[in-house]
Amino acid sequence: MFGLLQPDKVKVGQRIKEIKESMNLSFTELGNRLGIKKPTISSYVQGYALAPESVINQLSSISGKPVGWFYFGDVEEYIADYLRLKGQNRIVQEHPEVVKEIKEEFYTGEFKNPAWENEVGYPCEEFIDDYFYELQQDVIKEEIKKLTANEIDHLPFASELSNAKKDEAILVITSSILEYMDIAGEFNYEDKETMGKLVKAEIAKFNFYADRVFDERYLIGKLINVLANNQETVQMINRLSQELTDKPFTNIFGGEELIKTIQTLRPALIKLYEEVGSDELEDWFKSE
């Protein structure tokens, strides 16, 4: 009936006691309602024995509390306890929103599936594992961005860098580390020491003064790099013009407005670059 996370007899007993007291019942009266003797109900309340499923179902019926609550507390407590059991203590403590998001996805997710629910009406452990993996990547991404920003601010030449240059460096370095983690299967928020080492290593080899800092394996990175340079932008417009109209483009006699307008796409492309992962880019630009 239970998975990796097992009910705590003492906590189950405390919850039974809470119901007993909220209904103002003695051990004998509660036992009579459940059809069990006083010593038996007392052993459950004091945590000496785990109340069987039949008793929990009866308690749920007379109290209105879900079966899962008696075994594990509310849903958020259950999710948090499971994640802690899996060694995710730090992320539960520092990012309680992760637990809330798992709960919300379970109850209101767009693709809600009955298979997500276990025997006690709570999220099954496989569902928590799968959705946590997605959420953890987002948390790690933000953590790497913070670590990278802090490291860059402490570089000896940090004052020479514009905010735009810093932001681009943070984005490129973060994307590179996340791709490495994805390939290596090493997404683990608990291991901040490794994250810090990866950030330092990427910063050490990063060229802060280069124009072409974005990954050019896919069109989006190539466009961002091209649009950072006026001459390359002109060359791109010329190729497009010849391809689409059979007429060349040159900025010798004007055309600056077109160049500047096309270059205004760059911030939006950078934002998109930040939002999509390498797996999505693989899907967008598949090899034939």
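Full extension of the segment from LYS37 to TYR180, taken as 0.36 nm per residue of separation minus the current Cα-Cα distance, would add 45.4 nm. The C-alpha atoms of the stretch 134-208 occupy a region whose extents along the principal axes are 36, 19, 18 Å, arranged from largest to smallest. Any chance you could tell me what percent of the C-alpha pair distances in the stretch 74-221 go past 22 Å? Of the Cα pairs, 50 percent sit more than 22 Å apart. Put simply, the amide H of GLU117, placed in the peptide plane, has neighbours under 5 Å in CYS124, leaving out anything fewer than 5 places away on its chain.
Hey, what's the chain come to in accessible area per residue, 1.4 Å probe, Å²? Don't skip to the end; give the middle numbers.
Details: 16710 Å² over 288 residues.
Per residue, the chain has an accessible area of 58 Å².
Size estimate for the stretch 11-67 follows the Kirkwood approach: the inverse of mean 1/r over distinct Cα pairs works out to 10.9 Å. Suppose only helical runs count, i.e. DSSP H with n ≥ 4. What mean residue ellipticity at 222 nm does that imply for the chain under -39500 (n - 2.57) per run, divided by all residues and rounded to the nearest 500 deg cm²/dmol? Calculated at 222 nm, the ellipticity per residue is -20500 deg cm²/dmol.
How big is the charge dipole of the stretch 1-90 about its Cα centre, in debye rounded to the nearest 20, if each Lys and Arg gets +1 on its Cβ and each Asp and Glu gets -1 on its Cβ?
200 debye
Annotation: aspartates and glutamates with alpha-carbon distance below 14 angstrom to LYS11 (same-chain offsets under eight excluded): ASP74, GLU77, ASP81.
Distance between the pseudo-spin-label points of ASN238 and GLU280 (7 Å out from Cα toward the beta carbon): 3.5 nm.
May I ask you to give the percent of accessible area on the stretch 32-125 that is carbon plus sulfur, with a probe radius of 1.4 Å?
Numbers: 2380 of 5000 Å².
Reported share for carbon and sulfur atoms: 48 percent.
Its relative contact order, with pairs defined as Cα atoms under 8 Å and 6+ residues apart, puts the stretch 73-223 at 22 percent. The separation of the stretch 209-278 from the stretch 100-135, counted between C-alpha centres, amounts to 43 Å.
The equivalent ellipsoid of the stretch 1-143 has semi-axes of 33, 15, 12 Å, largest first, where each one is the square root of 5 times an eigenvalue of the Cα gyration tensor.
With contacts taken as Cα pairs under 8 Å and at least 6 residues apart, the chain reaches a relative contact order of 12 percent. The local environment of PRO96, defined by Cβ-Cβ distances under 14 Å, has a net charge of -4 under the rule Lys, Arg +1 and Asp, Glu -1.
Given +1 on the Cβ of Lys and Arg, -1 on the Cβ of Asp and Glu, and no further charges, what dipole in debye does the stretch 53-183 carry about its Cα centre, rounded to the nearest 20?
Working: 12 positive and 28 negative charges, 61 e Å.
Taking the Cα centre of the stretch 53-183 as origin, the dipole is about 300 debye.
Which of the helices in the chain meet the span-like rule: DSSP H, Cα axial reach of 24 Å or more, Kyte-Doolittle mean at least -0.5?
Working: long enough: 125-153 (41 Å, -0.80); 163-184 (31 Å, 0.37).
The answer, listed by residue number, is 163-184.
Its convex hull of Cα atoms gives the chain a direction-averaged projected area, equal to a quarter of the hull surface, of 22.3 nm². If the cut-off is a Cα-Cα distance under 23 Å, which lysines reach LYS141, setting aside same-chain residues fewer than 8 apart in sequence? Output for LYS141: LYS86, LYS100, LYS103, LYS165, LYS166, LYS192, LYS197, LYS200, LYS205, LYS222, LYS271. Rounded to the nearest 20 debye, the dipole size of the stretch 136-288 about its Cα centre is 600 debye, using +1 on the Cβ of Lys and Arg and -1 on the Cβ of Asp and Glu. The calculated pair-distance distribution of the stretch 153-288 uses every alpha carbon pair, bins of 5 angstrom beginning at 0, and gives 2, 8, 16, 17, 17, 15, 10, 7, 4, 2, 1, 0 percent.
Look at the dipole of the stretch 131-244 built from charges on Cβ: of LEU240, ASN163, SER175, the Cα furthest out on the positive end belongs to LEU240. Projecting the Cα positions of ASN150, ALA115, PHE206 onto the charge dipole of the chain (unit charges on Cβ atoms of Lys, Arg, Asp and Glu, taken about the Cα centre) puts ALA115 furthest along the positive direction.
The values are calculated or read from the model by the stated rules, or taken from the named source; none is laboratory data. No experiment lies behind these values; they were computed from the predicted model shown. Note that each Cβ is placed from the backbone with ideal geometry, even for glycine, and that neighbours are counted across all protein chains shown. Just the protein is used for accessible areas: all its heavy atoms, side chains included, with ligands, DNA and RNA removed. Shrake-Rupley method; radii C 1.70, N 1.55, O 1.52, S 1.80 Å.
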